[in-house]
Amino acid sequence: MTRPLIDGVLDLHKLEGSTSMDVVRIVKRLTHVKRVGHAGTLDPIATGVLPVCLGQATRLMEYLVDHHKIYRAEFRLGAATDTHDAYGTVTSGQDPSGITRSQVEALLPVFTGEIQQLPPMYSALKRDGKRLYDLARAGLEVERPTRPVSVYSLNMVDWSPPLATIEVECGRGLYVRTLVHDIGAMLGCGAHLSALIRLKVGPFTVADAVTPDVFEEAVEAGTWEDLLSPPDIALLGHDSVTVTASAEEQFRHGQAISLPDVTMYARHLELRRAYTTDGRFLGVLRFNRAEGIWQPEKVFALATPSPYAPSAEPAH
């Protein structure tokens, strides 16, 4: 008998010491689902929320990565490392005993808002086709441009010198360990990340996340599919629209559709999630204001209605 397709997102709690791809391999092995991916890499030192997408949900990973994230980061003053975390080799440092909580807190606004960050050498970014961490392990350091990243809030939550703990809400692309490194550099004593937990990614929280062991138990009990959220949870930050049966047919063939009822106030390139009249997630629409049409960006074929479907009448 053919196994039904599995489409959804798992809120998984990654443990320290494993990579994000280790987690993906575990989910693949346990479920035998072929299409599995994660939405946002966590370093081996990090724990916490790792959304794992299965089946058609893998096509929405890019939207999950764009969601706001919240981290709690503990760092140690007095030593900078080449990896910017406790797994690296100490490269410099000064006695931090004279550093006060108020001094650290006074620096936090400097790292809040849209800031420029220099990606660490120990990262998966590429330079001339090679991963930076491979170059770093070979003892090389190459020039790399700074990147704009958004830090929405940054607060001290614990002060136990030489350890300090901050909570960070940010957008995509921020290296928390580099943020800590830069704080240490400005203080003049050096610092490195000693522990990191991701508390939230969009709608997913660490309070609801399941560990790999709990997930394995659910697989053995045959209840693991109950742990999955529908794929369209990745798009809950965007407005929704229900389309008519005729518009649905156009949508499924990749044809642009007209939605006069929602077009008047729509922004150019605005994204909306689309649903059928019976509540099934149909896909992603993008608005072209110049032409006044909504273009299908991604089309889905899901068998069951979504709990996130709007209850409003179809748009025309």
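State yes or no: is residue 211 touching a His at 6+ places or on another chain (Cβ under 8 Å), farther than 30 Å from residue 108 by Cβ, surrounded by fewer than 22 Cβ atoms within 10 Å (Cβ to Cβ) and not assigned by TED's automatic domain parsing to the domain that holds residue 12? Steps first, please.
Values: touching a His at 6+ places or on another chain (Cβ under 8 Å): yes; farther than 30 Å from residue 108 by Cβ: yes; surrounded by fewer than 22 Cβ atoms within 10 Å (Cβ to Cβ): yes; not assigned by TED's automatic domain parsing to the domain that holds residue 12: no.
Judged against the criteria, residue 211 is not a match.
So, residue 157, is that one among the hydrophobic types (A, V, I, L, M, F, W, C) and either within 19 Å of residue 78 (Cα to Cα) or in contact (Cβ under 8 Å) with a residue 24 or more places away in the chain (or both) or not?
Numbers: among the hydrophobic types (A, V, I, L, M, F, W, C): yes; either within 19 Å of residue 78 (Cα to Cα) or in contact (Cβ under 8 Å) with a residue 24 or more places away in the chain (or both): yes.
Here the answer is yes, as residue 157 does meet what is asked.
Could you tell me which numbered condition residue 6 fails, if it satisfies all but one of (1) at pLDDT 95 or above; (2) assigned to a loop (DSSP other than H, G, I, E, B)?
Only one criterion is unmet by residue 6, namely (1).
From the list 234, 245, 256, 221, which one is of a type in the set (A, V, I, L, M), out of contact with any Gly (no Cβ under 6 Å at 6 or more places or on another chain), surrounded by fewer than 19 Cβ atoms within 10 Å (Cβ to Cβ) and within 17 Å of residue 310 (Cα to Cα)?
Values: 234 fails: surrounded by fewer than 19 Cβ atoms within 10 Å (Cβ to Cβ); 256 fails: within 17 Å of residue 310 (Cα to Cα); 221 fails: within 17 Å of residue 310 (Cα to Cα).
None of the others qualify; the one that does is 245.
Name the residues in the range 260-290 that are modelled with pLDDT under 90 and of a type in the set (Asp, Glu), would you?
261
Would you be able to tell me the number of residues in the range 141-193 that are of a type in the set (A, V, I, L, M), in contact with an Asp or Glu (Cβ under 9 Å, 6 or more places away or on another chain) and more than 17 Å from residue 45 (Cα to Cα)?
Qualifying residue count, the range 141-193: 6.
Among the candidates 274, 309, which residue alone is outside the structural domain of residue 250 (by TED's automatic domain parsing), of a type in the set (A, V, I, L, M, F, W, C) and in contact (Cβ under 8 Å) with a residue 24 or more places away in the chain? Steps first, answer last, please.
Details: 274 fails: outside the structural domain of residue 250 (by TED's automatic domain parsing).
Of the residues listed, the single one that is outside the structural domain of residue 250 (by TED's automatic domain parsing), of a type in the set (A, V, I, L, M, F, W, C) and in contact (Cβ under 8 Å) with a residue 24 or more places away in the chain is 309.
Out of the residues in the range 36-71 that are at pLDDT 95 or above, of a type outside the set (A, V, I, L, M) and over 15 Å from the mean Cα position of the chain (by Cα), which is nearest to residue 239 (Cα to Cα)?
56
With respect to residue 83, determine if the residue is more than 16 Å from the chain's Cα centre (by Cα) and either outside the structural domain of residue 195 (by TED's automatic domain parsing) or at pLDDT below 95 (or both). Write out each step before concluding.
Numbers: more than 16 Å from the chain's Cα centre (by Cα): yes; either outside the structural domain of residue 195 (by TED's automatic domain parsing) or at pLDDT below 95 (or both): yes.
Considered against the rule, which asks whether it is more than 16 Å from the chain's Cα centre (by Cα) and either outside the structural domain of residue 195 (by TED's automatic domain parsing) or at pLDDT below 95 (or both), residue 83 comes out as yes.
Please verify whether residue 210 is within 22 Å of residue 60 (Cβ to Cβ) and more than 29 Å from the chain's Cα centre (by Cα), treating the condition exactly as stated.
Numbers: within 22 Å of residue 60 (Cβ to Cβ): yes; more than 29 Å from the chain's Cα centre (by Cα): no.
So residue 210 does not fit the description; no.
The values are calculated or read from the model by the stated rules, or taken from the named source; none is laboratory data. Fair warning: this is a prediction, and the values are worked out from it, not measured in the lab. A quick note on method: Cβ atoms are made from the backbone with ideal geometry, for glycine too, and the neighbour counts reach across all protein chains shown.
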